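The next block holds one structure in the form of structure tokens; read it before the comments.
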């Protein structure tokens, strides 16, 4: 089996948990994996926020949050540092706002998602060090076979250049609204 390359004789150096929350990012392939993971986390947060806000009677706020996280995911996939920081900060601040007003802002899922969003910030920061070397290495091919491939690989490439400036404005407004909600006097 070793001769055929079917078994790996060297044990993995990372545990599954470490690979998920604090991955080793050595090349473009590792960064591609992290940014794809960040995109899906942002998409999930966008969908959950839209549904919960609609049921809570705040459809306009939910639509704004959904748009923010959707575009943040697109920016994260395109390795935009500001998008990664904005997604992490927005999710963290919304946890503090929920904690202040309802008392249940930080659960296990929120903490896990925050750790995964922080991994995106870390990945983009580490990749900036070897950005000049990246030109020597070909980036992973972006797939186009399934709907998930199109949403994660094709849509960000097409959409991000067109919507980047709009996202910066939306992200700034989102973070300002969250800060206002956090520091507003309690009713």
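Label sites at residue 183 and residue 148, each approximated as a point 7 angstrom past Cα along Cα to Cβ, lie 4.2 nm apart.
The convex hull defined by the C-alpha atoms of segment 38-108 has an orientation-averaged projected area of 4.5 nm². Approximating the spin labels as points 7 Å out from Cα along Cα→Cβ, the residue 176-to-residue 82 distance works out to 1.4 nm. Protection proxy ranking of 63-76, 46-59, 82-95, by the mean of other Cβ atoms within 10 Å over each peptide's residues and highest first, is 63-76, 82-95, 46-59.
Here, each number is a calculation from the coordinates, and none is a lab measurement. Since we're looking at a predicted model, the values are computed, not measured. Cβ coordinates were reconstructed from backbone atoms using ideal geometry, including for glycine residues, and neighbour counts include every protein chain displayed.
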